[in-house]
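Novice: Below is a structure I'd like to ask you about.
The values are calculated or read from the model by the stated rules, or taken from the named source; none is laboratory data. Worth saying up front: this structure is predicted, and the values here are computed from it rather than measured. FYI the Cβ positions are ideal-geometry reconstructions off the backbone, even for glycines, and counts take in every protein chain you see. Side chains are part of the model used for accessible areas, which takes the heavy atoms of the whole protein and leaves out ligands, DNA and RNA. Shrake-Rupley method; radii C 1.70, N 1.55, O 1.52, S 1.80 Å.
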Amino acid sequence: MKSGTAGRSEGVYRMTIRTLLILVFTARVVWAQNGDKAGESQSNTVPSALIPPAPVLTAEEQLKTFRLPAGFRAEIVAAEPLVTTPIAAQFDHQGRLWVVEMNGYMPTPDGLGESAPTGNIVILTDTDGDGRMDRRTVFLGGLVMPRSVMLLGDGALVVEPPRLWYARDKDGDGVCDSKELVADDYATQDDPKLGERANPEHASNSPVWALNNWIYSANHPMKFRWNGGTNWVRRATISRGQWGLSQDDFGRLYYNSNSDPLRGDFVSAEDLNRNPNLRQPFGADVQLEKDLRVYPIRVNPGVNRGYQKGQLRPDGRLATFTGACGPVVYRGDQFPDEYHGDAFFCEPTANLVRRERIVEHDGLITATNAIPEGEFLASTDERFRPVNLLNGPDGCLYVVDIARGLIQHRIYLTSYLRKQIESRQLQTPVNLGRIYRIVNTARPRPVVPPIAQPTEDDLLKWLSHPNGWWRDRAQQLLVERRNPALAGRLRDLAQAANNPSVPGRLHALWVLEGLGQIDLPTVDRALQDPSSRVRTAGLRLLGPLLTGPTHDEAALLLLRRAGFLPGAEQVQLFLTLGSLHTPAAETIMKVLVMNSSPSPLRYDAVVSGLGGHELEFLDGLVSDPLCGPDKGAHAALVRRLAECVGVEGKPDRVEHLLHLAGNRRAGDWQQLAMLDGLASIMPPKPKDRPAPTVRPFRFAAQPTGWAALKLAGLAEVERRVERLEPLVSWEGDGKAAPAPVPVASKLSPDEEASLARGRELYTVVCGACHQPHGNGQEGLAPPLRESEWAVGSEQRIVRIVLHGLRDAVTVKGRKWELNMPAFAEALDDQQIADAITYIRREWGHTANPVSAASVKVVRAANAKREDSWTEAELLRVP
């Protein structure tokens, strides 16, 4: 897509997207934390005598309140008045610090004045080399609630909701000369046009140039790629986290949300999500830290839900995370070696920074508190509010402190917290701000000389720097300069014989990718590299070469090398092989996966590339000696394949699945796994209501496999057959005939047009959460595919889209606590009708379309409604 210069139709399209996305991603917490709740008792749980005063400290005084591990110290890099209300920052190669100042955030507890253009992007410079910034240049001022900055070209990407700007400094004086629009549907949750509903706590942020040369963001469903000038490409991706985004040395993304401190992607989310029959694939958006306990060194009564049982410990300290944000993977070289690759993140409500030790085993990443029952950095000052972290060019860790007492936004502010804030005058001042440097005292902090214009020789050298900050910067600058003449030198750097640095070889490969200079010989050498990291990158880079004129040669290379790749590369190997769709590729996957240790990541990597071909793969698998009696540890793979056949929903294929199961020896692991996989598509039986109606697969006659299963005579088979009974039906089976499958009514030309518009709306609005395949996203959105809410009562679904849905909701037998926002203000009647019509006719649905006139009637009947609907209310609507 072209940015800024699009024609009228594209401009209208973008405005539509911007309008529609305004409230989509508040779905995690809207209503779950929306100020006071009816009926709540908001009593103080910490005696006043235990709550110390909260005086306003200078940065120097605040340093004395810090507790760090032995061998570390904190230093002041910048403080007010040089910087105010900082929320994000990034160094450039001149040693200057670019800072986002969100001065408009919560000027008062009522949020009055947030729409004032008081925000800035400032550049801080240390002119005398003493390590403390002393000069301030406003690069871009007059912004309304700016959220992020990312260096790019001769300027930076700047997030000013709802716009993502490319702000340029063409004459190099440190001041923005022009702004080019990249997207006008970015951070729409905080669009000033929303007025009091603008929500900065849950708006898109933190664009990061990742190792694969795509720009990802937190809390945003799109990734961007800059091809120079105004040439921008955007593609759908999953929505990640809430505030802050980081990557490790191998390009894996890390993020979090307030009460979920660390999540990550093991592999490419886009690859995992390519099979519409694979529900909730494992390997992206994975919870890495499951222990939610937190260990502040002061009482924390000023927490929004501090009155709720379990939010605070008996001694008044915060018990569990409630404000985790700003994650960063430490990739520097100034800390002790064991810190490299660990993750750090902030918890401003508890006045601390956590260090998580990252451990990887068999492709799976886990995180644990590196300081058991303690924290890396903790303060006794209630006004110390770290909100972001970053690596520096000197290898140190930097802490961005918004330095204010009130950080909870008015949308969620409770009466309890407001009293706490006002009792200690935490609402003022609002114009402070600090940035600190954390230094390892056992190693000297290197002095980084400013380099105004690094040469290509400099950049090529930096690709192998021990500090990841320099490697990332060099890669981005080389890709931005787009000099294909460097390809030969880069290919040399990508070889172990010429470059002992594994990260350096990785970056050289990805620079080649960014320049469009990846070729098969380069990939072949990467696949033979002594490092599994480089071999894995080679497999990933081979994927695009499997399309177009290089397909045959690339496929031959992949198949030739596949058998020689160790287990460490298998997950990526399966993801790449899955794009071939050939018997040879499937044979290799069968042999390798069945001779590997059990792993849900491997299984879903295999299945992700089998869309519509899972049954054939399963048939070949269970009939192969590789899948013998001693391979029961791989039952999860067979279950997953059978589940996909059930999700696909074609009776003839389900009948063949039953045939496969019925032909197995009674009770063997393959048979039980197939039955369990098919049964997994059935909604669980709710405890508090009748079981949902299940539409069976209808066969012409009793499947022979089903008859064999009924005669198995083993209790463990009989239990599964009983569970599957509602799914199996045939002519003359003696059961009450199921209701006939509704035949989709023929759509009128106007309805066809509505369906087409709805398809586009769904892609850009609904698909990021509910996914293009309609199966939903774990931890974010329930499925729409075959959902009783989607294809049931027209009156109910229209109400849901208009006013939202909150609290516990059962979808296909599973209870979801997530909540959907209202679209009454964002969408007009026709747009709502279009989106619903698409949902009710996609994925084999045959429900009737919805008209704008019907939406208009429901809107008028509920014109005074302000609250979201609950399930109980909707169930009373016919």
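Novice: Any lysines with Cα under 22 Å of the residue 864 Cα? List them, leaving off those in the same chain fewer than 8 positions away.
Specialist: Straight-distance partners of residue 864: 37, 193, 856.
Novice: Cα gyration tensor of the stretch 55-154, axes a ≥ b ≥ c as square roots of the eigenvalues: rounded (a/c below 1.5), prolate (a/b > b/c) or oblate?
Specialist: On the way: a/c = 2.12, a/b = 1.19, b/c = 1.78.
Verdict is oblate for the stretch 55-154.
Novice: Of the heavy-atom accessible surface of the chain (probe 1.4 angstrom), what whole percent is carbon and sulfur? The partial results should precede the final answer.
Specialist: Working: 18240 of 33550 Å².
Of the solvent-accessible surface of the chain, carbon and sulfur hold 54 percent.
Novice: Related question: Please give the net charge around residue 132, taking every other residue with its beta carbon less than 10 angstrom from that of residue 132, where Lys and Arg add +1 and Asp and Glu add -1.
Specialist: Once all neighbours under 10 Å are counted, the net charge is -4.
Novice: Going toward the positive end of the dipole of the stretch 446-553, with +1 on Lys and Arg Cβ and -1 on Asp and Glu Cβ, which of 539, 517, 468 do you reach last?
Specialist: 468
Novice: Still on this structure, please answer the following. About the Cα centre of the stretch 724-878, how large is the charge dipole given +1 on each Lys and Arg Cβ and -1 on each Asp and Glu Cβ? Please answer in debye to the nearest 20.
Specialist: Working: 18 positive and 22 negative charges, 38 e Å.
Computed charge dipole of the stretch 724-878: roughly 180 debye.
Novice: Also: Any chance you could check the Cα centroid distance between the stretch 411-485 and the stretch 230-278 for me, in angstrom?
Specialist: Comparing the Cα centres of the stretch 411-485 and the stretch 230-278, I get a distance of 21 Å.
Novice: Considering only C-alpha atoms, what is the centroid distance from the stretch 612-660 to the stretch 60-115, in Å?
Specialist: So the two Cα centres are separated by 56 Å.
Novice: Before anything else, pin down the relative contact order of the chain: Cα pairs under 8 Å, at least 6 apart, normalised by residue count, whole percent.
Specialist: Relative contact order comes out at 11 percent.
Novice: In what order, largest first, do 634, 656 sit by accessible area if the probe radius is 1.4 Å?
Specialist: These residues rank, largest area first, as 656, 634.
Novice: How large is the helix-only mean residue ellipticity at 222 nm for the chain, computed as the sum of -39500 (n - 2.57) over DSSP H runs with n ≥ 4, divided by its residue count, in deg cm²/dmol to the nearest 500?
Specialist: -8500 deg cm²/dmol
Novice: Moving on. Name the GluC sites (Glu not before Pro) in the stretch 312-381 that are in a loop by DSSP and that have at most 16 other C-beta atoms within 10 Å, would you?
Specialist: The qualifying sites are 373.
Novice: At a probe size of 1.4 Å, how large is the accessible area of residue 226, to the nearest 10 Å²?
Specialist: Accessible area, nearest 10 Å²: 20 Å².
Novice: Taking the Cβ of residue 696 as the center, what net charge do the other residues with Cβ under 11 Å away carry, scoring Lys and Arg +1 and Asp and Glu -1?
Specialist: +1
Novice: Under the classification rounded if a/c is under 1.5, otherwise prolate if a/b is larger than b/c and oblate if not, where does the stretch 485-575 fall, given a ≥ b ≥ c as square roots of the Cα gyration tensor eigenvalues?
Specialist: Judged from the Cα gyration tensor, the stretch 485-575 comes out oblate (a/c at least 1.5, b/c at or above a/b).
Novice: Next up: Can you tell me which of 559-571, 605-617 comes out highest on packing, and rank the rest after it, using the mean Cβ neighbours within 10 Å? Each step should come with its number before you reach the end.
Specialist: Details: 559-571: 17.2, 605-617: 21.7.
The packing order, highest mean first, is 605-617, 559-571.
Novice: May I ask which residue of 296, 144, 188 lies farthest towards the positive end of the charge dipole of the chain, with charges of +1 (Lys, Arg) and -1 (Asp, Glu) on Cβ and the Cα centre as origin?
Specialist: So the residue we want is 296.
Novice: Around residue 591, under 14 Å between beta carbons, what's the net of Lys plus Arg minus Asp minus Glu among the other residues?
Specialist: So the surrounding residues net to +1.
Novice: How high is the relative contact order of the stretch 517-609, in percent, counting Cα pairs under 8 Å that sit 6 or more residues apart?
Specialist: Details: 87 pairs, mean separation 23.2, N = 93.
In percent, rounded to a whole number, it is 25.
Novice: Show me the ranking of peptides 83-94, 712-723 by mean Cβ neighbours inside 10 Å, starting with the highest.
Specialist: In descending order of packing, they fall as 83-94, 712-723.
Novice: Just read off the accessible area of residue 238 with the full protein assembly in place, 1.4 Å probe, to the nearest 10 Å².
Specialist: Accessible area of residue 238: about 10 Å².
Novice: In addition: I'd like to know which of 857, 781, 877 lies farthest towards the positive end of the charge dipole of the stretch 778-878, counting +1 on Cβ of Lys and Arg and -1 on Cβ of Asp and Glu.
Specialist: Positive-end residue among those listed: 877.
Novice: With respect to the cross-link table entries 631/710; 650/812; 710/735; 590/631, which display a Cα-Cα separation exceeding 21 Å?
Specialist: Distance filter (> 21 Å) returns 631/710.
Novice: So how strong a dipole does the chain carry about its Cα centre when Lys and Arg Cβ are +1 and Asp and Glu Cβ are -1, to the nearest 20 debye?
Specialist: Numbers: 101 positive and 105 negative charges, 238 e Å.
Computed about the Cα centre, the dipole is about 1140 debye.
Novice: Taking the solvent-accessible surface of protein heavy atoms with a 1.4 Å probe, what is the per residue accessible area of the chain in Å²?
Specialist: Accessible surface, normalised per residue, equals 38 Å².
Novice: Additional query: Using Cα pairs under 8 angstrom and six or more residues apart, how large is the relative contact order of the stretch 129-187, in percent?
Specialist: Computed value for the stretch 129-187: 27 percent relative contact order.
Novice: Follow-up question, since we're still on this one. Might you report the magnitude of the Cβ-based charge dipole of the stretch 163-319 about its Cα centre, with Lys and Arg at +1 and Asp and Glu at -1, to the nearest 20 debye?
Specialist: 600
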